[in-house]
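Undergrad: So that we are looking at the same thing, I have put the structure below in structure tokens.
The values are calculated or read from the model by the stated rules, or taken from the named source; none is laboratory data. In this text the structure is predicted, and so the values were computed from the model without any measurement. Please note: Cβ atoms are built from the backbone with ideal geometry, for glycine as well, and neighbour counts cover all protein chains shown. Heavy atoms of the whole protein, side chains included, go into the accessibility calculation; ligands, DNA and RNA do not. Shrake-Rupley method; radii C 1.70, N 1.55, O 1.52, S 1.80 Å.
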Amino acid sequence: MFILLLGAPGSGKGTQGKILAERLGLPKITTGDILRTAVTTGTPLGREAKKFMDEGKLVPDAVILSLIKEELAKPEGWQGAVLDGFPRTAAQAELVDRTLGERGQRLNHILLLDVPEEELVRRMTSRAAQEGRSDDTAEAIKTRLQVYQRDTAPLIAHFAQRGIVHRVPGTGTVDAIATEIRRIIGR
Ligand code: AMP
């Protein structure tokens, strides 16, 4: 089963994705984590991605598409995975659809975590204090929210045509949201 967590930055995709992946025994593929590790270890990918990430912009598809391809090809994800942080653009969505399609698979569920913008900003600002993420600055937060609306939110309509998008209220306790997701997925 392939499940995609969709939502603005700060909507809880990472937290809920982790709970869900552990419960279903599926790997979680998180492009943001892969990129952050690449930046820390100073790989060519990290050096290329850092500037975009710090500014809150998307790392260009020219760089990300091959990363996604590589991740989806890993044997541990053949039977399913929880996708966190991608696809984020039309080209990425097309690649995911095509790659799974070639294997006779498809995205089964899309969970759209719905959180009001003031709450997103509040969460990212407090995360900045706790984790010191270089893209949780006021300027980068603003850019990330704009980029989400411009590039990623349109994917909701694309997937909604297939009837696989479930809107999940993303406010409330972590446990309550996880319970709602469990109800939606049916396990
Ligand atoms: P995230 O932790 O998912 O919010 O990602 C942090 C940053 O990593 C984003 O602001 C982008 O710069 C970059 N990033 C993560 N995933 C992607 C992706 N699928 N496409 C482009 N950039 C990404």
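Undergrad: Has the range 21-43 got at least one residue that is more than 28 Å from V174 (Cα to Cα) and charged (D, E, K, R)?
TA: So far as the range 21-43 goes, no, none of its residues is more than 28 Å from V174 (Cα to Cα) and charged (D, E, K, R).
Undergrad: Among (1) out of contact with any Phe, Trp or Tyr (no Cβ under 6 Å at 6 or more places or on another chain); (2) open to solvent by less than 80 Å² (accessible area, probe 1.4 Å); (3) at pLDDT 95 or above, where does I110 come up short?
TA: Among (1) out of contact with any Phe, Trp or Tyr (no Cβ under 6 Å at 6 or more places or on another chain); (2) open to solvent by less than 80 Å² (accessible area, probe 1.4 Å); (3) at pLDDT 95 or above, I110 violates only (1).
Undergrad: Do we find that G12 is away from the ligand (no atom under 11 Å from the Cβ), out of contact with any Phe, Trp or Tyr (no Cβ under 9 Å at 6 or more places or on another chain) and open to solvent by 60 Å² or more (accessible area, probe 1.4 Å) in this structure?
TA: It is false that G12 is away from the ligand (no atom under 11 Å from the Cβ), out of contact with any Phe, Trp or Tyr (no Cβ under 9 Å at 6 or more places or on another chain) and open to solvent by 60 Å² or more (accessible area, probe 1.4 Å).
Undergrad: So which residues in the range 167-178 are of a type in the set (D, E, K, R) and either in a helix (DSSP H, G or I) or in contact with a helix residue (DSSP H, G or I) (Cβ under 7 Å, 6 or more places away or on another chain) (or both), if there are any at all?
TA: D175
Undergrad: State yes or no: is F86 touching a strand residue (DSSP E or B) at 6+ places or on another chain (Cβ under 7 Å) and aromatic (F, W, Y)?
TA: No, not satisfied.
Undergrad: Just name the residue that is farthest from the chain's Cα centre (by Cα) out of those in the range 142-159 that are under 25 Å from L24 (Cβ atoms) and open to solvent by less than 50 Å² (accessible area, probe 1.4 Å). I'd like the intermediate steps shown before the answer.
TA: The initial filter retains those residues of the range 142-159 that are under 25 Å from L24 (Cβ atoms), namely 152, 155-156, 158-159.
Retained after the next criterion (residues that are open to solvent by less than 50 Å² (accessible area, probe 1.4 Å)): 152, 155-156, 159.
On the way: T152: 10, L155: 12, I156: 13, F159: 15 Å.
Only one residue fits best here, namely F159.
Every residue, every condition in (1) touching a Pro at 6+ places or on another chain (Cβ under 7 Å); (2) touching a residue at least 24 places away in the same chain (Cβ under 8 Å); (3) open to solvent by 80 Å² or more (accessible area, probe 1.4 Å), yes or no:
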residue	(1), (2), (3)
P60	no, no, no
K69	no, yes, yes
A81	yes, yes, no
A91	no, yes, no
E94	no, no, yes
E118	no, no, yes
A129	no, no, yes
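Undergrad: Out of the residues in the range 41-75 meeting the condition of being of a type outside the set (G, A, S) and assigned to a loop (DSSP other than H, G, I, E, B), tell me which one is farthest from G85 (Cα to Cα).
TA: Top of the filtered list is T43.
Undergrad: I would also like to ask the following. Sort out which residues of the range 136-166 are over 25 Å from I3 (Cβ atoms), outside any helix (DSSP H, G or I) and not β-branched (V, I, T), and write them in order of number.
TA: D136
Undergrad: Between L20, L100, L95, which is part of a helix (DSSP H, G or I), under 24 Å from E119 (Cα atoms) and more than 10 Å from the ligand (Cβ to nearest atom)? Steps first, answer last, please.
TA: On the way: L100 fails: under 24 Å from E119 (Cα atoms); L95 fails: under 24 Å from E119 (Cα atoms).
Of the residues listed, the single one that is part of a helix (DSSP H, G or I), under 24 Å from E119 (Cα atoms) and more than 10 Å from the ligand (Cβ to nearest atom) is L20.
Undergrad: To continue, here is another question. In the range 23-41, what count of residues is obtained for those that are over 12 Å from the mean Cα position of the chain (by Cα) and within 12 Å of the ligand (Cβ to nearest atom)?
TA: 5
Undergrad: Check off (1) closer than 19 Å to A8 by Cβ; (2) away from the ligand (no atom under 12 Å from the Cβ) for P44 and give me the number that stays unchecked.
TA: Answer for P44: the failing condition is (1).
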